[in-house]
Amino acid sequence: WDDADFSQGVGTTWYQEYSTLSPTRDPIIHDVEAKIEKYLKTPYIAKWTLKVTWEKAPAYPSQQGDTQTSTYQAVLTTDGNRSFALLLYQDGGMRWDYAKLAVGNVLIGFS
């Protein structure tokens with residue numbers, strides 16, 4: 001994980017809140033519920049969901065014309081009792097050059 005740097009006008013951040021109060025539910029809600037049920041083996045019905053997308057985000061420090069960008073999402077969701085965060089990366093899309101980081105002791109992965 002690293003800090004995105006939008007100071008040079010490269011990249012965009014988008015967000016969308018999904019309502020679950022109406023009888024018609026957006027397909028992303030069904031997808032989020034299915035992922036939680038599949039991977040955590042627990043029934044789940046979302047009451048609130050927020051999707052944030054960082055598109056073509058350059059790592060800090062950014063330079064004009066930076067091409068080493070990444071696109072990724074965070075999906076926050078709750079059923080009113082439990083909350084989850086899904087971190088989604090474009091396949092092969094995390095293209096930040098870790099060799100340019102200020103810190104040399106970098107751990108890549110998850111736990």
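The values are calculated or read from the model by the stated rules, or taken from the named source; none is laboratory data. All of these numbers come straight from a predicted model, not from anything done at the bench. Every residue, glycine as well, gets a Cβ built from its backbone with ideal geometry; the counts of neighbours run over all protein chains shown. In case anyone asks, the SASA skips ligands and DNA or RNA and just uses the protein heavy atoms, side chains included. Shrake-Rupley method; radii C 1.70, N 1.55, O 1.52, S 1.80 Å.
Counting heavy atoms of the protein chains only and a 1.4 Å probe, report the per residue accessible area for the stretch 12-100 as a whole number of Å².
Working: 6110 Å² over 89 residues.
Ligands and nucleic acids excluded, the figure is 69 Å² per residue.
For the stretch 12-100, what relative contact order do you get, as a whole percent, if you take Cα pairs closer than 8 Å and at least 6 residues apart? Let's see the in-between values first.
Details: 140 pairs, mean separation 22.6, N = 89.
For the stretch 12-100, the relative contact order is 25 percent.
Would you mind counting up the charge near Tyr18? Only other residues with Cβ under 13 Å from its Cβ, with Lys and Arg at +1 and Asp and Glu at -1. Numbers along the way, then the final one.
On the way: positive: Arg25, Lys47, Lys51; negative: Glu17, Asp26, Asp31, Glu33.
With Lys, Arg at +1 and Asp, Glu at -1, the neighbours total -1.
Among Asp66, Asp5, what's the order by accessible area (1.4 angstrom probe), most exposed first? Intermediate values should be presented prior to the final figure.
Details: Asp66 40, Asp5 20 Å².
So the residues, ranked largest to smallest area, are Asp66, Asp5.
Rank Arg25, Arg95 by accessible area, highest first, at a 1.4 Å probe radius? Mind showing how you got there, number by number?
Values: Arg25 65, Arg95 115 Å².
From most accessible down to least: Arg95, Arg25.
Tell me the carbon and sulfur percent of the accessible area for the stretch 1-41, rounded to whole percent, probe radius 1.4 Å.
On the way: 1700 of 3140 Å².
So the carbon and sulfur contribution to the accessible surface is 54 percent.
Quick one: how many Å² of Thr67 are accessible to a 1.4 Å probe, rounded to 10?
About 100 Å², rounded to the nearest 10.
What is the projected area of the convex hull of the Cα atoms of the stretch 12-100, averaged over all directions, in nm²? The partial results should precede the final answer.
Values: hull surface 28.9 nm².
Quarter of the Cα hull surface area: 7.2 nm².
So how many Lys-Lys pairs in the stretch 12-100 land under 21 Å Cα to Cα, not counting same-chain pairs under 8 apart? Don't skip to the answer; put the middle values down first.
Working: Lys35/Lys47; Lys35/Lys51; Lys38/Lys47; Lys38/Lys51; Lys56/Lys100.
Count of close lysine pairs: 5.
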